[in-house]
Amino acid sequence: MERSPTSRQRLRRGLLVAIAVLYAVSIPWYREGGAAPEHWLGLPDWAAVAVVCYVGVAILNAAAWLLTDVDDDAPDDSGGGG
Amino acid sequence: MSFSQLGLVGLGLYLLALVVVAGVARRARQDASPADHFLANRGLGLFVVFLTLYATAYSGNSLLGYPGEAYRRGFSWVMATGFMMSIIVGFHLLVPRLRPIAVQNRFVTPGDWVRHRFGDEPFGEGVRVGVGLLMTVALANFLLAQLMALGHVTSEVTGGAIPYAVGVVGMASMILFYETVGGMRAVAWTDAAQGVLMLAGLGTLLAWILGEAGGLAAVTDAIARARPDAVAVPGRVERTNWASTVVLMGVASILYPQAIQRIYAARTGRTLGRAFALMGFMPLTTTLVVTLIGLAAIPRFEALGTIEADTVMPRLLGEWAATGPAAAALAVVVFIGALAAIMSTADSVLLSLGSILALDVVGRSREDEGTTRLGKRIAMVVMGLAVLVALNPRFTLWRLIELKMELLIQCAPAFLLALHWRGLRAGPVLLGLVAGTLVAAGAALFGWKRVEGIHVGVIGLVINAVVVGLASWVQSRSEVPASGRVGRV
């Protein structure tokens with residue numbers, strides 16, 4: 001089913017917020033600095049969490065771009081062109 | 001045939017291919033206008049836009065600087081995958097609003113936006129020249145990093161048969177030739193081929209490293225034994241620096257003049273959106289791969305110096321090539337891919353530099369064919385100066401990137417705020433630009449890189465934005481009609 005422009009924009013904004021959350025989680029704020037890590041996916045666990053977050057960012061970013069209307073005929077409301 | 005001989009043959013074939021591409025691009029040109037030379041008459045399709053964005057974004061910095069930094073810092077350099085992705089995310093703020101205005105007003109350079117937005121206002125010219133100068137300095141720095149990387153790759157991989165200085169001068173001359181002859185078409189087409197080579201080469205090199213070590217977990221164990229700090233959870237300052245780097249790269253990189261010009265050069269907005277959707281995955285196939293390659297070098301090469309660490313990639317290629325003839329041939333493919341990636345970034349930078357200096361800083365007309373000639377001459381002079389500096393390198397490749405970004409990010413209000421805030425005027429933007437630049441450049445001159453992990457450029461941007469906000473508020477108060485002030489005294 002085709003989404004309306006408004007629901008597309010709302011979904012796009014939601015995806016961008018989710019991307020911001022993934023960026024915050026990717027940094028190991030939740031761990032004590034200097035601690036020895038466990039291994040996960042062949043990597044130190046905190047590095048593996050970061051990589052998984054970035055895979056999520058790539059997927060959400062692609063979805064957000066596919067929902068983005070880059071309309072070459074859109075009116076210029078930037079306040080320029082005077 | 002030895003690896004260095006194979007390398008020389010591969011290099012010769014690659015350079016010959018560049019000459020042919022430049023000739024074909026020359027014949028494909030429609031006229032001698034700046035739009036045709038610098039933007040390929042705005043006709044780039046999805047495949048070429050995607051690969052040219054890719055080859056331009058992943059440069060000598062990615063292929064030499066990022067493995068070097070991973071070697072120095074350890075696993076916290078996984079942040080590089082995040083900040084390369086933040087660039088594509090950051091374009092959401094710029095592209096949907098800038099692209100239609102650029103198409104409708106036939107922009108050629110980033111300064112065309114500034115001229116369009118602030119042109120008639122007092123201080124509008126100041127903002128345009130200020131942005132042009134900051135972009136010029138950032139691009140010249142970027143060009144320097146590429147030339148250094150070219151020198152390192154040609155020297156290390158040919159076993160010194162081509163010395164560093166000859167590599168720098170020879171490759172710089174080649175770039176000047178095909179950029180001057182073929183313009184954006186030659187640059188974009190070679191970018192596309194170079195992007196494919198780079199992807200294939202990096203994947204093969206990582207597969208060899210992991211296969212030889214016994215898998216990713218074995219590599220991580222070996223790193224933990226050689227340098228336990230490289231796998232430990234990063235401390236508070238390193239984590240803050242991680243966040244600061246994501247912001248610095250995510251905001252500054254979208255203001256790369258050559259990236260902005262690709263936004264103008266795409267055939268349609270839809271083409272551009274689809275290219276960015278694909279681009280978001282490339283840090284996983286490129287930055288993460290070069291990070292793992294740099295990390296795998298930790299147990300192989302112990303105690304390399306700070307500048308020497310930028311050569312871990314060519315050193316690994318040399319080791320790989322020594323394992324047999326098939327590996328040597330594949331290593332040559334990686335070598336050509338790396339060289340191609342560096343050259344593709346350098347040529348894009350050079351093309352942008354010529355156009356910005358001719359159109360934005362000198363102020364020549366974008367309709368005049370003489371502007372194209374002036375841009376080419378300026379590019380030659382800048383290239384000559386960059387070669388002279390590159391012959392005596394004093395910084396790591398990553399430090400050059402940081403310096404460039406710290407200046408470039410000060411242009412953010414002139415683009416990102418100006419696109420989204422109708423009431424923003426040129427005076428406050430110029431004031432903020434000067435304040436932010438003084439903070440970033442002043443700190444760099446005194447050798448201050450970061451405060452508690454936060455880049456001085458990011459601090460400069462915060463000051464820049466605060467100055468823009470305060471100056472706009474003061475200006476709006478002074479513009480309120482006299483009657484509006486009654487009762488507020």
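The values are calculated or read from the model by the stated rules, or taken from the named source; none is laboratory data. Treat the numbers as computed from the prediction; the structure is a model and nothing was measured. Please note: Cβ atoms are built from the backbone with ideal geometry, for glycine as well, and neighbour counts cover all protein chains shown. Quick note on the areas: whole protein, heavy atoms, side chains included, nothing else; ligands and nucleic acids left out. Shrake-Rupley method; radii C 1.70, N 1.55, O 1.52, S 1.80 Å.
Taking label points 7 Å from Cα along the Cα-to-Cβ direction, B:VAL166 and B:ARG236 give a separation of 5.4 nm. When the helices of chain B are scored as -39500 (n - 2.57) per DSSP H run of n ≥ 4 and the total is divided over every residue, the value at 222 nm lands at -24500 deg cm²/dmol.
For the pair A:GLU32 and B:ALA217, what calculated FRET efficiency results from E = 1/(1 + (r/R0)^6), where r is the Cβ-Cβ distance and R0 = 22 Å, to the nearest 0.05? Intermediate results must be reported in sequence, preceding the final value.
Numbers: r = 23 Å, r/R0 = 1.05.
After rounding, the FRET efficiency stands at 0.45.
Taking 0.36 nm per intervening residue step and subtracting the Cα-Cα distance, what contour gain separates B:VAL24 from B:ARG422 on full extension? Mind showing how you got there, number by number?
Working: separation 398, 0.36 × 398 = 143.28 nm, distance 4.44 nm.
So the chain would gain 138.8 nm between B:VAL24 and B:ARG422.
For the chain pair B and A, the interface hides roughly 4000 square angstrom of accessible area in total, found with a 1.4 Å probe.
With each label modelled as a point 7 angstrom along the Cα→C-beta vector, the B:ALA329-B:GLU479 pair spans 6.8 nm.
Computed with a 1.4 Å probe on the full set of protein chains, the accessible area for A:TYR30 sits at about 120 Å². From most to least packed by mean Cβ count within 10 Å, the peptides B:375-386, B:422-433 give B:422-433, B:375-386.
Ordered from highest to lowest accessible area with the whole protein assembly present and a 1.4 Å probe, B:LEU248, B:LEU470, B:LEU445 read as B:LEU445, B:LEU470, B:LEU248.
Summarising the label geometry, the points placed 7 Å from Cα in the beta-carbon direction at B:ALA207 and B:LEU385 lie 4.5 nm from one another.
Rolling a 1.4 Å probe over the protein heavy atoms leaves A:ASP69 with an accessible area of roughly 100 Å².
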